[in-house]
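Participant: Dropping the structure in here first, questions after.
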Amino acid sequence: MFLTLALLRKGIPGKQWIGKYRRPRAVTMAMKRNMVKHLEREAANEYWLSRPFMTKEQEWGHAAERRQQNWQRFKESKISNFPQHKSIADHLSHLQISKTWSS
């Protein structure tokens, strides 16, 4: 029965590019070339990553001074954008509270 169904079935059920019984994509020369380029690039990356620029001892704290300067510069920029302090008299000066009816 299964052999008969396999032999007599025409095409792929449902959408041909998705699903469990999808049609397999043909592998082209461009796809092979792109995969080889990708693998070569990955091998080159692994080569350079396997040879560190600095040792662990050199790497420890090498950028502490620069990070501190960046933090100070950031704090100063935030403080410089902060508005000036205002007293309650500045806020209420438009009310003219000292003026009387008689004057």
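The values are calculated or read from the model by the stated rules, or taken from the named source; none is laboratory data. Predicted, not measured: the structure shown is a model, and the values here were computed from it. Cβ placement follows ideal geometry from the backbone for every residue including glycine, while neighbour counts extend to all protein chains displayed. Side chains included, ligands, DNA and RNA excluded: accessible areas come from the protein's heavy atoms. Shrake-Rupley method; radii C 1.70, N 1.55, O 1.52, S 1.80 Å.
Participant: Loop-only check: which trypsin sites (Lys or Arg not before Pro) in region 1-47 are DSSP coil with at most 14 other Cβ within 10 angstrom?
Facilitator: Working: sites: Arg9, Lys10, Lys15, Lys20, Arg22, Arg25, Lys32, Arg33, Lys37, Arg41; in loops: Arg9, Lys10, Lys15, Lys20, Arg22, Arg25.
Passing both the DSSP loop test and the Cβ count: Arg9, Lys10, Lys15, Lys20, Arg22, Arg25.
Participant: Between the helical axis of 64-80 and the dominant principal axis of the chain, each derived from Cα atoms, what acute angle in degrees is found, rounded to the nearest 10?
Facilitator: 50
Participant: At 0.36 nm per residue, and after removing the present C-alpha to C-alpha distance, how many nm does the segment from Tyr47 to Asn81 gain when stretched out fully? Don't skip to the end; give the middle numbers.
Facilitator: On the way: separation 34, 0.36 × 34 = 12.24 nm, distance 4.71 nm.
Net length gain for the segment: 7.5 nm.
Participant: Let me ask something else about it. Skip the ligands, DNA and RNA, and give the accessible area per residue of the chain with a 1.4 Å probe, whole Å².
Facilitator: Numbers: 11160 Å² over 103 residues.
On a per-residue basis, the chain sits at 108 Å².
Participant: Just from the alpha-carbon atoms, what are the Rg and Dmax of the chain in angstroms?
Facilitator: 36.9, 113
Participant: For the chain, which whole percent of the accessible surface, found with a 1.4 angstrom probe, sits on carbon and sulfur atoms? Could you put the intermediate results ahead of the total?
Facilitator: Values: 6760 of 11160 Å².
For the chain, the apolar C and S fraction of the accessible surface comes to 61 percent.
Participant: Taking +1 at the Cβ of each Lys and Arg and -1 at the Cβ of each Asp and Glu, which of Asn70, Ser80, Leu7 sits farthest along the dipole of the chain towards its positive end, judged by Cα position relative to the Cα centre?
Facilitator: Leu7
Participant: What angle do you read, to the nearest 10 degrees and between 0 and 90, between the alpha-carbon axis of helix 29-49 and the longest principal axis of the chain?
Facilitator: Compared with the principal axis, the helix lies near 50 degrees.
Participant: Moving to a separate point now. Rg/Rh for region 15-73: what does it come to with C-alpha atoms and Rh from Kirkwood?
Facilitator: On the way: Rg = 23.2 Å, Rh = 16.6 Å.
Across region 15-73, the Cα-based Rg/Rh ratio is 1.39.
Participant: Evaluate the distance, in nm, between pseudo-label points positioned 7 Å from the Cα of Met54 and of Ser93 along their respective Cα→Cβ axes.
Facilitator: Computed distance between label sites Met54 and Ser93 equals 5.3 nm.
Participant: Mind checking which aspartates and glutamates have their C-alpha under 17 Å from Lys37, skipping anything on the same chain fewer than 8 residues away?
Facilitator: Partners within reach: Glu46.
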